[in-house]
Amino acid sequence: MRPAISIDFGAAYTKIALRKEPDSTTQLLNHEKLRLDEGHVCIPSIVAWRESDDRWIFGGDAVDIQAGNGIHVFRNWKPVLFAPPEEALDPQSSIGRLFYYNLEGGDVEWPPIKKLAVKYFEWLLGVMLPALLDFNELEDPVLRISIPDFSDDSLYAFEMEEVLLEAGWNSPLVCCEAEPRTNFTGALSQGRNAMMTTESGTYMPDIDVIFSGSGMIDYVKLTEDEDAIVGYTMLLVDIGAYTTDFAMVAIDGGAGGSMPPCEAHSVAYGIEMLDNLVKHGLPDEKTEIIEKLSATDREAFRRTVYSEGRSWSINNVTIGDAVDREIVEKCINGLATRIALEINTFMDQFAVTKVNEVVLTGGGSNIPRMVQKIADQLADKGVETFHASSTPDVGSAKTVLLSQQVVRGSSAIGGASVLFGDE
C-alpha cells in the first residue's frame, strides 16, 4: 500500500497529514512558521494578488496584507469554488468585480476561481509541502483531499481533482473523499493505522486496532454473536469556517467485526456565518473593524469574544462589552440552533431516535456555548458520551476531552487512513 498525503482544504485554514507506512500513525504536518494555532498545523487559505506585476502571495505571507491600490486579498474563497459563481457572488461587489472582470481565467470551462485555486495549490504542493516533509522518503504517494459532502459531490470531486492535476501534482493517484467521512475516521482513530491478514490470506485494515477504545468497536465486539441487541449510534459534528459536516454510523448486534456504513452530509453553516451575524448586529463602527481584521487579529477576536466570552480591543475600539455580549450570545445561539435543526433533519432521514456517542470537532467546537447549545438540543437522544474540547453540562452523560490536534485536524488525519485504500 502506498503512503498517503491528506489535505483538509478549509475555508480559513488548510491542514496536511502524512501516513508513511500501512501500520504507521498518521501525523499532522507542522512548521514553526505556522503561528496561528498552538500546534503550528494551520496553513491560512489566503491568496493575495498584485495587479501591477501579477505577483501572487499565499498562506502565512498573505495573512496581514490589506487590500487596496491594486492589491487584492482573497479570504474565504472556498465557497466560490464549490458553488456556481452567480449563486455565490454579487458581480457588482468588490470581490465579484475582481472575479468577473479583472482576473483573467481563460474560457468558460476554466473560470477565474479555478485559476485562483490552481495558483494556491501550486504553491501548497510546490513550496509549502516540501517545507513540511521530505519527498525522497516517499514512493509514489497517494494524494487525497477532503471536500464538502453536498448533493453534487461527484461534480465537485471531478473539478477538485482537475485543479490538483493542473497545479502539477505528479502522484499516480489523486482522489477526493467527503469531509464528514474523513473527519469521522480521523476523530475515532486519532491517526491509528493497522493491517491484518485474514484466514483466507486477504490483506486488509484491522478496524479493531484502528478504532480501539471507541464505543462503536466495543459494542461490536460485545454483541457480534447477538442479532437482537438494540443498535448503537455514533454522531460526529464538525463545525468549520465554511461548512458544518455530519457523519453517523448506526450498527446492530449482527454487524460482526466489519466497519458499518457511514452516512454523511455537509451544510453551509460555519464560523464565517457567525462572523456575518455578529457584524449585522453590532454598530457600524465595529462592523467595519471586523470586516478589515487580518487573519491574526480575526483569530484573536474569535478566541476572546466567542470562546472566552470576554471583550477585545483594537484601534481603541472595544468589541464584546456588556451590550455587545448579548448580541454575540444571540448570534451563537442562533447558529447553534440552526446546526441542531440540521442535525435532527439528518438523523430523521434514517429514523434515528437515540445517539450513544457524539463527537464535536472543528474550530467552531472551541466555542463552549456552541458545544453546550448543541448538547442541549441532543438532550432527548439519550447521549451517553460527548467527545469535545470543552465539558458541557449534560447531566449523567460523560465527556471525553479531545486534543486540539484532533479538533482542528481530524479530516486531514482521517484522509490518510488505510481504510480509504489506494483509490
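Quick notes
- Any chance Gly309 is touching a residue at least 40 places away in the same chain (Cβ under 8 Å) and surrounded by 20 or more Cβ atoms within 10 Å (Cβ to Cβ): no
- Count - residues of the range 277-301 that are part of a helix (DSSP H, G or I), touching a residue at least 40 places away in the same chain (Cβ under 8 Å) and not hydroxyl-bearing (Ser, Thr, Tyr): 5
- Residues in the range 31-50 that are surrounded by fewer than 18 Cβ atoms within 10 Å (Cβ to Cβ) and farther than 20 Å from Asn366 by Cα: His31, Glu32, Lys33, Arg50.
- When residues of the range 110-144 are limited to those that are open to solvent by 30 Å² or more (accessible area, probe 1.4 Å) and not in a helix (DSSP H, G or I), the one farthest from Val80 (Cα to Cα): Glu139
- Among residues of the range 51-71, those that are open to solvent by 40 Å² or more (accessible area, probe 1.4 Å) and over 24 Å from Arg35 (Cβ atoms), counted: 5
- Cβ-Cβ contacts under 6 Å between residues 6 or more apart (or on different chains), taken from a first residue in the range 131-152 that is at pLDDT 90 or above to a second residue that is of a type in the set (Val, Ile, Thr), are listed as Pro141/Ile5; Leu143/Ile5; Leu143/Val174; Ile145/Ile7; Ser146/Thr182.
- Unique match (being at pLDDT below 65, over 25 Å from the mean Cα position of the chain (by Cα) and either assigned to a helix (DSSP H, G or I) or within 26 Å of Gly415 (Cβ to Cβ) (or both)) among Val230, Val220: Val220
- Matching residues, the range 352-385, being surrounded by fewer than 20 Cβ atoms within 10 Å (Cβ to Cβ) and of a type in the set (A, V, I, L, M): Val352, Ala379
- Being β-branched (Val, Ile, Thr), part of a loop (DSSP other than H, G, I, E, B) and closer than 18 Å to Ile339 by Cα is a description that applies to Val355.
- Just so you know, in the range 318-327 the residues that are out of contact with any strand residue (DSSP E or B) (no Cβ under 9 Å at 6 or more places or on another chain) and touching a residue at least 12 places away in the same chain (Cβ under 8 Å) include one that is most open to solvent (accessible area, probe 1.4 Å), and it is Arg325.
- Only one entry in Asn315, Asn344, Asn333 is on the phi > 0 side of the Ramachandran plot, out of contact with any His (no Cβ under 7 Å at 6 or more places or on another chain) and either open to solvent by 10 Å² or more (accessible area, probe 1.4 Å) or touching a residue at least 60 places away in the same chain (Cβ under 8 Å) (or both), namely Asn315.
- Filter result for Asp107 (assigned to a loop (DSSP other than H, G, I, E, B), at pLDDT below 50 and not small (Gly, Ala, Ser)): yes
- Members of the range 151-184 that are of a type in the set (Ser, Thr, Tyr) and open to solvent by less than 10 Å² (accessible area, probe 1.4 Å): Thr182
- Residue in the range 392-406 that is open to solvent by 10 Å² or more (accessible area, probe 1.4 Å), in contact (Cβ under 8 Å) with a residue 40 or more places away in the chain and in contact with a strand residue (DSSP E or B) (Cβ under 6 Å, 6 or more places away or on another chain) present: yes
The values are calculated or read from the model by the stated rules, or taken from the named source; none is laboratory data. Predicted, not measured: the structure shown is a model, and the values here were computed from it. In this analysis, Cβ positions are derived from the backbone assuming ideal geometry, glycine residues included, and neighbour counts consider all displayed protein chains. Quick note on the areas: whole protein, heavy atoms, side chains included, nothing else; ligands and nucleic acids left out. Shrake-Rupley method; radii C 1.70, N 1.55, O 1.52, S 1.80 Å.
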